[in-house]
Amino acid sequence: MSISINQTEPLMPGFEDLTPMVSWLSPYVRQCGNAPRGRWKMDSRRLLDYLLVYIERGEGFFRIGSEGYRVKPGDLFWIPPGTVHYMEGTGDTMVCPYVHFDLIYRYPESHWEFSIPSGMTDLSDFAGLAHPTLPDSEFSTLSGRISIRNHHRIGEKINGICRESALAPRGHTLSLSGMMMELLAEILKDSGREESTDRYAPVMEASAAYIRSNLETALPVAELAEMHNLSEAHFRRLFTRHFSLSPGRYIRKMRMAKVKDLMTYTDCSMEDIAGLCGFADSHSLSKAFKQEEGLSPRNYRRFGRNIIYTSGRQKGYPG
């Protein structure tokens, strides 16, 4: 039986112009990381897969194809397979969460275990492993710096992918694929959105940035509102409308993300992590973490198998 789709007519519930992408889009995460770097340089190279990089902290210079970019915090870069690119961090410290991935998973071709070194542009010996050509889509022409709003949300999602791959629980390859689908949907959603006319949007973004930079301190909502000359009730309404999360829920979410990063990538004690993330003590942290995640910090901190390479972890995986 064949099905003919006339996209000019209303269809079944849930159909939109991007829905046919579901028939071929099957993300596969190969490598990721978010470890802080000193001054660094990646000479011109080409890749067999896609690379997405978010600049969380630091400055540098990237060249992707023929375009050069002065890199700054908040930038987001998309590098397609086969695209010549050069990357350099020029400051003393740079944090740039990244993920290497396929948009189309193929077995067994997707399962290669090496990194393309700096300066390598001839990939002819690996032609069979190169990512296949995409069907015509919004991803087909995406390259370089992506101009979308709220880049930090993409950065948060990449950091989440790094945590999931480092812990590697059973079924994590499926989880990572789902997380990539959410990330890709976020990019498409924002890239197709007109510039916001909400005059409070910059205020809410500034408030969220302040929260993320001060998680170790008390963050009363009344004080956040006062910083922008807003009443607490009005601030709560605006923040919830902008982020689809209440201020309290957003603070809790960001604290939990920082807790997970510190547990995954450092040897900090739970008492130290509690202080760095705004909890009174390790008992308060453990209780909040279990309520949020459904398991204890100790169980969460157990590492999984080294299936997907994740840079930045401080501990080795058990055999």
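None of the figures in this text is laboratory data; all of them are computed from the coordinates on show. Fair warning: this is a prediction, and the values are worked out from it, not measured in the lab. No Cβ is skipped: glycine too gets one built from the backbone with ideal geometry, and neighbour counts run over all protein chains shown.
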Helix-only CD estimate at 222 nm, as mean residue ellipticity for the chain, using -39500 (n - 2.57) per DSSP H run (n ≥ 4): -11000 deg cm²/dmol
Set of lysines near Lys41 by C-alpha distance (under 23 Å), chain-local residues within fewer than 8 positions excluded: Lys72
Reach of Lys157 by Cα under 16 Å, taken over lysines that are not fewer than 8 positions away in the same chain: Lys189, Lys253, Lys258, Lys260
Packing rank of 70-81, 208-219, where each peptide gets the mean count of other beta carbons within 10 Å, highest leading: 70-81, 208-219
Cα-projected label distance for Ser296 with Tyr105, points at 7 Å along beta-carbon direction, nm: 3.3
Among 46-57, 123-134, the order from most to least packed when residues are scored by Cβ within 10 Å on average: 46-57, 123-134
Modelled label reach - Lys41, point 7 Å along Cα→Cβ, segment 104-132 residues with backbone N closer than 16 Å: 118-120
Dipole moment magnitude, nearest 20 debye, segment 201-300 about Cα centre, only Lys, Arg, Asp, Glu C-beta charged: 480
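Which value results when the Cα radius of gyration for the chain is divided by 2.2 N^0.38 Å?
1.07
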Euclidean distance of C-alpha centroids, segment 117-156 and segment 51-92, integer Å: 12
Förster-model FRET efficiency, 30 Å R0, Glu113 and Leu245, C-beta, rounded to 0.05: 0.20
Debye intensity ratio in log₁₀ form over the Cα atoms of segment 26-191, taken at each q of 0.09, 0.11, 0.14 Å⁻¹: -0.28, -0.42, -0.71
